[in-house]
Amino acid sequence: MLVLNELEIRALVGPGNARAAIEHAFRALHRGEATLADVISMPFKDPEGVAHIKAGHLHDEDVWTTKVSCDFDPGDGSPMLHNGVMLVLSARDGSVVAVLADNGYLTELRTGAAGAVAADLLARPDATSVAIVGAGSQARFQLEALLEVRSIDNLRVASRSSRRAQEFVDECSRRGLSARLCDSVEEAVRGADIVLTVTPSTDPLVEAAWLEPGTHVTAVGSDEPTKRELGPGVLGRAAVVAVDDRRQTAAFGEVHHALGEEPNVVTLGVSDIARLRSPSWLVAGAGYGRFRRFRASRGAACTVWG
């Protein structure tokens, strides 16, 4: 049995190969060549937190994976505490093949990589300005992955913690990015080509009126029925709403809320969007072009990750 710790895992996988793996998994899901188990959520009250248990299997692999990811609020204004572990098991006899003691790294990496897949498919090719709402660890993973698919020259950050937001801005500036701290979410979002929301908020943060036509929004924080980052009308304005799993997002977060308010919301599963990268779809060409023009003419594209 193989056992890897976080440092060893970080040395083996980063944003680039994670994005490739996510694209492969989405294509397999679209073709019916992958299985996702229902998510199990376990809330905690003192301290406040939640654990998610998830599992999946690519049918052409001899192994399958289950993970436990945890988020706890220290309650003192400091960043959320993320942790977790993954088990890789045999799809032949159920034996444990590997223990990945990643401390939540792979979950954060996967979420960032999925955001980059969505941005690569849905954001305008000339998108250069980004608003990030939230300044925790996932803000960094999202930005790192996004930089693999878009050339970003303007970054605006808004967060409930001005101290953490300033630290994030300073980190980005040291990397040579043009970054600034905004006094409000509205200031950060207005005029941005891409908007990333990465918070555990239970109250809407981004309003539809702040989004320009052609803006791409990736919302990743709403992984519980009570959580919400996007205001009423955001999904309704979107030309396309892409979700990683229709069934799960109908029960959790943004789509869960929007379906109760906006019955005209159209959800297009990301497994369907992933076929834009399949050879048959790209060779045909026409479908991809029609999709791009449809998005650009009607409004934002919105991706919701559970």
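Computed from the coordinates by the stated procedures, all read-outs in this text should not be read as laboratory data. Computed from a predicted model, the values in this text were never measured in an experiment. Note that each Cβ is placed from the backbone with ideal geometry, even for glycine, and that neighbours are counted across all protein chains shown.
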**OP:** Could you tell me the distance between the Cα centroids of segment 197-233 and segment 107-177, to the nearest Å?
**Re:** 15 Å
Original post:
Which whole-number percent gives the relative contact order of segment 2-106, counting Cα pairs below 8 Å spaced six or more residues apart?
Top reply: 25 percent
**OP:** Return the sequence-ordered ³J(HN,Hα) values of segment 81-91 in whole Hz as given by the Karplus equation 6.51 cos²θ - 1.76 cosθ + 1.60 applied to θ = phi - 60°, using x for Gly and Pro.
**Re:** 8, 10, 8, x, 8, 10, 10, 9, 10, 5, 8
Subject >> Net charge of neighbours whose Cβ lies under 9 Å from the Cβ of residue 192, counting Lys and Arg as +1 and Asp and Glu as -1 >> reply: 0
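Quick check: residue separation of residue 251 and residue 209 times 0.36 nm, minus the Cα distance between them. What number comes out in nm? Let's see the in-between values first.
Values: separation 42, 0.36 × 42 = 15.12 nm, distance 2.56 nm.
Full-extension gain reported as 12.6 nm.
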Original post:
Going by a ≥ b ≥ c, the root eigenvalues of the Cα gyration tensor, does segment 21-159 fall in the rounded group (a/c under 1.5), the prolate group (a/b larger than b/c) or the oblate group?
Top reply: oblate
